[in-house]
Amino acid sequence: MLVVVALGEETKRFSQLHAQIAGISKKMLTQVLRELERNSLDKRVVYLVIPPMVEYSLTPLGLTLRELIYALRDWSERYIEEVERRRTEYDQQDKTLLQEQIMALVQQWTEAS
């Protein structure tokens, strides 16, 4: 998804994409670009110059993904606080349950001694 967003409507070189997507390795970026190309979602153009230059752009099919990705981004931005709050509540329930189980085991052990 990050590569699709990074490409947007622009044509970009590998180095531009690598610089734009924080934390992605060159190997992973290469794999993602190849998979997108295999699925006809991006177009790879190789220029026979020295040093070689390769540019990537989204195909018309690839461009159709942007609307879905942006909708997912918008949903995430709208509900992130609620998701984080519920995650904290869930984690606290697990922690509380574990604490109660440990206390019950300690109490049983104490009573047995």
What order do you get for LEU7, LEU61 when you list them from fewest to most C-beta neighbours inside 10 Å?
LEU61, LEU7
Options (1) 63; (2) 73; (3) 41 are given for percent of Cα pairs over 19 Å apart, and the computed one is (1)
Under the Karplus relation with 6.51, -1.76 and 1.60 and θ = phi - 60°, whole-Hz ³J(HN,Hα) for segment 23-35, x at Gly and Pro, equal x, 8, 7, 4, 4, 5, 4, 4, 4, 5, 4, 5, 5
Interchain or long-range residues, amide H under 5 Å from THR59's placed H:
ASP42, LYS43
Determine the gain in length on full extension of the stretch GLU100-THR59; use 0.36 nm per residue of separation and subtract their C-alpha separation, reporting nm with one decimal.
9.1 nm
So how much slack lies between LYS43 and THR110, counting 0.36 nm per residue of separation and subtracting their Cα-Cα distance, in nm?
17.2 nm
Return the sequence-ordered ³J(HN,Hα) values of segment 78-84 in whole Hz as given by the Karplus equation 6.51 cos²θ - 1.76 cosθ + 1.60 applied to θ = phi - 60°, using x for Gly and Pro.
6, 10, 4, 5, 5, 4, 5
Applying the Karplus parametrisation 6.51 cos²θ - 1.76 cosθ + 1.60 with θ = phi - 60° to the phi angles of segment 54-60, what ³J(HN,Hα) value in whole Hz is obtained for each residue in order, glycine and proline being reported as x?
10, 10, 10, 8, 6, 7, x
Candidate lysines for bridging to LYS27, where Cα separation is under 23 Å - those fewer than 8 sequence places away on the same chain excluded
LYS12, LYS43
Of LYS27, LYS95, LYS12, which has the largest mean-square fluctuation in a 10 Å C-alpha GNM of the chain?
LYS95
Net charge, LEU63 excluded, C-beta distance under 15 Å - Lys, Arg +1, Asp, Glu -1:
-2
Relative to the present Cα-Cα distance, how much length would full extension add between TYR90 and GLU9 at 0.36 nm per residue of separation?
25.1 nm
In the Gaussian network model of the chain, springs joining C-alpha atoms below 10 Å, which of LEU33, LEU63, LEU98 carries the largest mean-square fluctuation?
LEU98
Given Cβ charges of +1 for Lys and Arg and -1 for Asp and Glu, the option among TRP109, LEU72, THR96 whose Cα lies farthest towards the positive end of the dipole of segment 40-113 is LEU72
When the dipole is taken about the Cα centre of segment 37-113, and only Lys, Arg (+1) and Asp, Glu (-1) are charged at their Cβ, what size is it in debye, to the nearest 20?
460 debye
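All of the numbers you see were taken from the coordinates with simple rules; none came from a lab. Just so you know, these numbers come straight off a predicted model, no measurement behind them. Virtual Cβ from ideal backbone geometry, glycine too; neighbours counted across all protein chains shown.
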